[in-house]
Every structure is written in C-alpha cells, then in structure tokens.
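J.: Once you've had a glance at the structure underneath, I'll fire off some questions.
The values are calculated or read from the model by the stated rules, or taken from the named source; none is laboratory data. The structure presented is a predicted model; accordingly, all values stated were derived computationally and were not measured. Here the Cβ positions follow ideal geometry from the backbone for every residue, glycine too, while neighbour counts run over all protein chains shown. Side chains are part of the model used for accessible areas, which takes the heavy atoms of the whole protein and leaves out ligands, DNA and RNA. Shrake-Rupley method; radii C 1.70, N 1.55, O 1.52, S 1.80 Å.
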Amino acid sequence: MKRAVSSKIEFAPDFVWGCATSAYQIEGSPLADGAGPSIWHRFCHTPGMVRDGDTGDVACDHYRRYREDVELMRQLGLRAYRFSTSWGRIQPLGRGRVNQAGLDFYDRLIDALLEAHIEPMVTLYHWDLPAALDNLGGWLNPDIAKRFADYAAIMFRRLDDRVKMWVTLNEPWVVTDGGYLHGVLAPGHRNRFAAPIATHHLLRAHGETVQAYRSEGKHRIGIVVNLEPKHRATDEQSDGDAVTHADAYMNRQYLDPIFFGRYPEELNEIFGEAWPRWPPKDLELIKQTIDFLGINYYTRSVVRFSAQASPLRAEPVHQKRATYTETGWEVFPQGLTETLLRIKERYGNPPLYVTENGAAFFDPPTVHDGRVADPLRVDYLRGHIAAIHAAIEAGVDLRGYFVWSLLDNFEWSHGYSKRFGIVHVDFETQQRTPKDSARLYAGVIGSNGRALNEPAEQC
Ligand code: BGC
C-alpha cells in the first residue's frame, strides 16, 4: 500500500535523532563484576511471572558487546543514544558501598559513544530497582527518595563531565500501574493502597534528584513519561467521565505535580480511601524546574465507562478498522501530534524530546540474504516521524526523537516474544542484522527527514 506523505518534511540541522534501550532489557550479565540483583532478576527467576520463563540473564549481551553495538549506531548515523544505568551495578545493595566496576562499565560505554560522535542521554531508573531496597519496601518506603538521589549524585560526579542529558525516571506510571496495582511487572504487587504511595515516593525521588543535580551537575535534567490521548467511545456522559478519569490517571498523575505542584483532583475519586493526603512540602519538592520533558508515545486509547473496571471505571474499546501491533496497541500516529500539542498548551511549551516511539510487529524469524523485511514497522516510523514534524510546524518545542528500540530485546513480562528493534537480534548467536526499518531510519537521519518526502518503496 502506498501512502502519500506531506511534501515538505525537513527537520532543523541540530535535531537530535536517536535510539533508546534500557539496562535490564539488553545488557545481560546482571550479576557480573560485583553487581547486586534487581527486582527484575528476581521476578524473572520466579516461575510463572515471565512468558516462557525468559530472563534478562543474557538478553542482547550488550554488557560484553557494547563496542559492537556502538559501531552499529555509528553506521546508522545516530546522533544520540538513550540508555539506562543499572542502580545495582553501582550500589549492589542500593545504598552505601559503591561498586567501581559498575561505574567503569558506563564510563567505557560513554567514551565509546563520544568517540563515535553520539550524544548519550542517561536514564537513571528504568525499572530495575536493587532487590535489597525492595526488601525494605522499595518504592513504598519514604527513605527511597534520598537513596535514589544519593545514587544519582554518584553518577553525576563521575559522568556529568561527558553526559549532557540526564533523565531521572522512565515512565513512573508504568512502575506503579504494572508493579504495584496490577502486578504484571516487578515487584508484582496487586494493591490499590500501595500504588498511590509508590507514585508519591517516585515523584519525591525525582524532586530530590533534580535538586541534587543543581548542585552537582552543569547540564540538563528531565523526566520521561508515557502518554496516550484518551478518546471517548461514544457521546454518552459516562464515557466522557471515563475519558477524564483515564486521562488524569495516566497523563496528568505525574505531570501536574511536577509542573503545577498538585495532583489531579480526579485521583481522589479514582482511588477513594486509598488516596492519601500528602504534606504540601512534598509537593514543593516535587515541583522542581526541569530542563526538558521526555515523552514516550506508542498508541492512543479509546475508552468507555465500565463499572467493573477497578479502579478507573473505564475500559479500552477495540477499533475495528485499525492496525494493531503485536502488543495489541492501535497504530495511531496523529495521536503523537495531539499529545505534543497538548503538552505545549497545558504546560507552557517546555522543551521536549520524544524519548521512545516504536512498535513490535511479527518479523520473519530468519534473516534472508542479510535482510529482514519489516514493512509494518517502516510504515509505523514514517507515520510517526511525519507526526512529530506536524507538531513542530504547529509550534511545539521538540528537540529530538528516539526510536524504541535499537535492538530486539527483553520485553518485560513478554520475554523475547515481542520484537521492537530496528536491528534484528538472533538470540542464539547474538548476530545483529539491521532491518529495513533501520535502513529507513538511517536515510531519515542522513537527510534530516527529507527522505520521507519520497514515497515508501514498499509497504
Ligand atoms: C518502556 C520500554 C518498553 C517499551 C515497549 C516502554 O513502556 O519504557 O521499556 O520495552 O515501552 O513496551
């Protein structure tokens, strides 16, 4: 299917084109060189939690093959690479003693990136909490905010001479929704009373860390949230309320405290007696000025009222004529433009990055003649890059875009069954093969987007 694309796509010469990954999803060797286990290590090694019993024990073996991966990035022409550091490699117990070997790994990775003229964006927390801290309550323990800021300060002191873009947390909403409310992600709690507490301490940890950065660091720091436009299934008032709840819960729960110093009122209704009253000084701490906001965008959600759906009273509605990815997410590029414009309007046009965008589709299981044809992912990327261009045209201060993901990798409770990479990984041999989507992306980067003005070769 050929698809017409706007005829005038071109991005600014300094637009940041990158790819994103995270530590537990690609590194492997989780206990190497003195590292302490994380909650994901434990979760994977608990039978029944992850599909097919998959673990991150080897993953993409990036811990040992990082040079090869940086070379791959250089060949694709990436200008930036967003990755996360594993807290347990730095502080095996999550506090106190620092493990130099862990710091050395990230030091070497960053040097290799800079040598290849690739700007690092470092995320300090992408879900792999040290297990020793989980023993003390994890994100439910108020002390964790200070522990996290201490760990972050270690990273700033060692790496801020070379790292210019820092991210405190990746997707705190997923940490609480998956890890504390529904239990499908580590640490696997299913507790309506726990989720709001975890939310609050994640936000306090973010606030403490931004403060620490102002005294330790010289560059820029922000946070990454995942957002989805919520659209109503019908004109019924109850569906309108469902949209408001779903939007407050996912899109405003973290951003309103950060930008306005208050939680959305709807959270009271959603959580009822499980929603605590927090001291105003906590909200002041959370409302730190950030230098940029990272947005992860994958899909939209059409919702309708449902009395049974706890705690939101809203449930998603399948769209009959839409394309869905392998993770069951509707392909909806215009939702990315909508999301970026909404942030511009609601939060005063902050500097933005799209820090993740991509899709899992079924790829041919074997590589043929050095090629992996992934037409649906090619089409997905074309549509979404055109969507960010439209947002920039409409005045959004968007500075960069990162594809999720560089490599096929460990997709959390789906194990290795969902492939998001623009580079295919054969998990038997660790052979990397750029897919057609990687070729498309390299062309987009090389032409600053102008390649998208040409019709898709094949879809
Ligand atoms: C996360 C990634 C994940 C991706 C695809 C994001 O929620 O940050 O770790 O692999 O989505 O599910």
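J.: Sorting Lys287, Lys218 by accessible area (1.4 Å probe), largest first, what list results?
T.: Numbers: Lys287 105, Lys218 175 Å².
The residues order as Lys218, Lys287, largest area first.
J.: Based on the mean of other beta carbon atoms within 10 Å per residue, what is the order of 169-180, 72-83, most packed first?
T.: Numbers: 169-180: 22.9, 72-83: 20.3.
Listed from highest to lowest mean packing, they are 169-180, 72-83.
J.: Which of the peptides 379-391, 107-119 is most tightly packed, and how do the rest follow, going by the mean number of other Cβ atoms within 10 Å of each residue? Mind dumping the intermediate values first?
T.: On the way: 379-391: 22.1, 107-119: 16.5.
In decreasing order of mean packing, 379-391, 107-119 become 379-391, 107-119.
J.: For a quick protection proxy, order the peptides 19-29, 354-364 by their average other-Cβ count within 10 Å, most packed first. If you can, show how the numbers build up before the last one.
T.: Values: 19-29: 25.6, 354-364: 22.0.
Those peptides, ordered most packed to least, come out 19-29, 354-364.
J.: Please report, in whole Å, how far the alpha carbons of the chain spread along each principal axis, starting with the longest.
T.: 58, 57, 44
J.: Less than 14 Å Cβ to Cβ from Glu265, Lys/Arg counted +1 and Asp/Glu -1: what total charge do the surrounding residues give?
T.: On the way: positive: Arg252, Arg262, Arg277; negative: Asp241, Asp247, Asp256, Glu266, Glu269.
Net charge around Glu265: -2.
J.: On to the next question. Per residue, how much accessible area does region 26-167 have with a 1.4 Å probe, in Å²? Don't jump to the answer; show the numbers that get you there.
T.: Working: 5270 Å² over 142 residues.
Heavy-atom accessible area per residue stands at 37 Å².
J.: Using a Förster distance of 56 angstrom, determine the FRET efficiency expected from the C-beta separation of Arg157 and Gln430, and round it to 0.05.
T.: Values: r = 34 Å, r/R0 = 0.60.
The value I calculate is 0.95.
J.: In terms of solvent-accessible area of protein heavy atoms at a 1.4 angstrom probe, what is the ranking of Glu315, Glu345, Glu208, Glu428, highest value first? Write out the running numbers ahead of the final one.
T.: Working: Glu315 55, Glu345 135, Glu208 30, Glu428 175 Å².
My answer, sorted largest first, is Glu428, Glu345, Glu315, Glu208.
J.: Which distance in Å, rounded to a whole number, links the C-alpha centroids of region 379-424 and region 222-250?
T.: One Cα centre to the other: 22 Å.
J.: Among Arg190, Arg157, what's the order by accessible area (1.4 angstrom probe), most exposed first? The partial results should precede the final answer.
T.: Numbers: Arg190 190, Arg157 155 Å².
Descending accessible area places them as Arg190, Arg157.
J.: Taking 7 Å along the Cα-to-C-beta vector as the label spot, tell me the Asn141-Lys218 distance in nanometres, rounded to one decimal.
T.: That separation, rounded to one decimal, is 3.6 nm.
J.: Can you compute the helix-only [θ] at 222 nm over the chain? Use -39500 (n - 2.57) per DSSP H run of at least 4 residues, normalise by all residues, nearest 500 deg cm²/dmol. Walk me through the numbers on the way to the answer.
T.: Values: 16 runs with 167 residues, N = 459.
Rounded to the nearest 500, the figure is -11000 deg cm²/dmol.
J.: Can you give the extra length, in nm with one decimal, that the chain gains between Phe362 and Lys320 once fully stretched, where that is 0.36 nm per residue apart less the Cα-Cα distance? Display every interim value, and only then the final one.
T.: On the way: separation 42, 0.36 × 42 = 15.12 nm, distance 1.98 nm.
Full extension from Phe362 to Lys320 adds 13.1 nm.
J.: From a point 7 Å beyond the Cα of Arg342 in the direction of its Cβ, which residues of region 256-283 have a backbone N at a distance under 14 Å?
T.: 256
J.: What accessible area, in Å² to the nearest ten, does a 1.4 Å probe give for Phe305?
T.: 90 Å²
J.: Also, quick follow-up: Considering only protein heavy atoms and a probe of 1.4 Å, how much of the accessible area of the chain is carbon and sulfur, as a whole percent?
T.: Carbon plus sulfur share of accessible area: 49 percent.
J.: While we're here: Taking Cα centroids, how far is region 138-156 from region 337-364 in Å?
T.: For region 138-156 versus region 337-364, the Cα centre distance is 28 Å.
J.: Next question. Expressed in nm to one decimal, what extension gain is obtained for the pair His117 and Asp241 from 0.36 nm per residue of sequence separation less their Cα-Cα distance? Intermediate results must be reported in sequence, preceding the final value.
T.: Details: separation 124, 0.36 × 124 = 44.64 nm, distance 4.86 nm.
Once the chain is fully extended between His117 and Asp241, it gains 39.8 nm.
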